[in-house]
Amino acid sequence: MLGCVRATCNMWSRYGFVPSLHLVAATDLLYATDAYLRSFDARVVELTPDGGVILDRTAFYPTGGGQPHDLGTLSWPDGSAATIVEVRKSGPLVIHRLEGALPEIGSAVHGEIDWPRRYALMRHHTALHSMSGVIYELYGATVTGGQMYPDRARMDFLLPDLSQDRLHMIEERTNALLSEGHPVSIRFLPRAEAFQIPDLIRTRVNLIPEGIDEIRVVNIEGIDQQADGGTHVANTREVGLVRIAGSENKGKGNKRLEIVLQ
Ligand SMILES: [Zn+2]
């Protein structure tokens, strides 16, 4: 039956209509439960009119929550391969944009993630969450945004008074905690249950759209707990050490910190 649906969709797209992507089942997000999965096998379930590839499952992280999308390759049995140049989320679907050939609908494919880049992003992501836990612990300041790159990261938070002393305290406390080796765990909670956890309320779990019934919680044990869709290392020791490379005022009490890892 799905085959008929797809045929109809493709016919529509040939006539210039947008295919009914809502008929495609949600992509199974392999990275959400196993951040260390570097390669995987999947099947092509749909192609979008602009050449995007939708798989039944993927380990490629789509841009979101301040973490950039993964890069990597997709290959399929006839020997073809293409480079992944963009991965984005569209509702419950993950859309991969490729450079090179396109696989056919129904084709089996093999995905390989650019692992050194992804692992660097995971280390920076866990570093930012840890630091946000420290800034709250020390000064009660809440984070308003963050952005990771493979070689640095930045974080915005509400703290009117940020002296050199405080910067030094934040760096020192973060590094002390990271080197203690706290485990990082992922769990999924029903929305109502997640709303009872004080840490999650602090990090604005209430901003998660109403339709989402299950909340993914990243817990850096003893340091920080947040509703988050990103990929993290399994233990804070993997982050290494954080160095605050710069800070600036972003207005209205907002501060921005830039960090690098060592
Ligand atoms: Zn995050």
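Computed from the coordinates by the stated procedures, all read-outs in this text should not be read as laboratory data. Every value quoted in this text rests on a predicted model; they were computed, and no experiment measured them. Using ideal geometry, Cβ is built from the backbone for each residue, glycine included, and neighbour counts are taken over all protein chains shown.
Going by amide H atoms built from the backbone, whose H comes under 5 Å of the H on V233, apart from near neighbours?
Residues meeting the amide H criterion: T126.
With charges only on Cβ, +1 for K and R and -1 for D and E, what is the dipole size of the chain about its Cα centre, in debye, rounded to 20? Walk me through the numbers before you get to the answer.
Numbers: 26 positive and 32 negative charges, 86 e Å.
Taking the Cα centre of the chain as origin, the dipole is about 420 debye.
How large is Rg over Rh for the chain, taking Rg from the Cα atoms and Rh as the Kirkwood inverse mean of 1/r across Cα pairs? Mind showing how you got there, number by number?
Details: Rg = 20.5 Å, Rh = 19.9 Å.
Value, to two decimals: 1.03.
Peptides 78-88, 44-54: what's the order by average Cβ count within 10 Å, highest mean first? Walk me through the intermediate numbers first.
Numbers: 78-88: 15.3, 44-54: 18.5.
Peptide ranking by packing, descending: 44-54, 78-88.
When the Cα atoms of region 109-262 are enclosed in a convex hull and the volume is divided per residue, what value in Å³ results?
On the way: hull volume 19.5 nm³, N = 154.
Per residue, the Cα convex hull of region 109-262 comes to 127 Å³.
Tell me the mean residue ellipticity at 222 nm calculated for the chain from its helices only (DSSP H runs of n ≥ 4, each -39500 (n - 2.57), averaged over every residue, nearest 500). Please list the in-between numbers first.
Values: 6 runs with 67 residues, N = 262.
Result for the chain: -8000 deg cm²/dmol, rounded to the nearest 500.
Amide H neighbours of G146 under 5 Å, at least 5 residues apart or on other chains, H built in the peptide plane: list them.
Those lying under 5 Å, H to H, from G146 are D156.
Can you give the FRET efficiency for D199 and S80, using 1/(1 + (r/R0)^6), R0 = 51 Å, r = Cβ-Cβ distance, to the nearest 0.05?
Working: r = 47 Å, r/R0 = 0.91.
My answer for the efficiency is 0.65.
Evaluate E = 1/(1 + (r/R0)^6) for Q164 and N249, where r is the Cβ-Cβ distance and R0 equals 22 Å; express this FRET efficiency to the nearest 0.05. Write down the numbers at each step before the final one.
Values: r = 14 Å, r/R0 = 0.64.
Step by step, r from the Cβ atoms, then E = 0.95.
For E137 and L241, what does the FRET efficiency come to when R0 = 22 Å and r is the distance between their Cβ atoms, rounded to the nearest 0.05?
Numbers: r = 18 Å, r/R0 = 0.84.
E(calc), rounded to 0.05, equals 0.75.
How big, in percent, is the set of alpha carbon pairs in region 62-191 lying more than 21 Å apart?
Numbers: 4706 of 8385 pairs.
The answer is 56 percent, as a whole percent.
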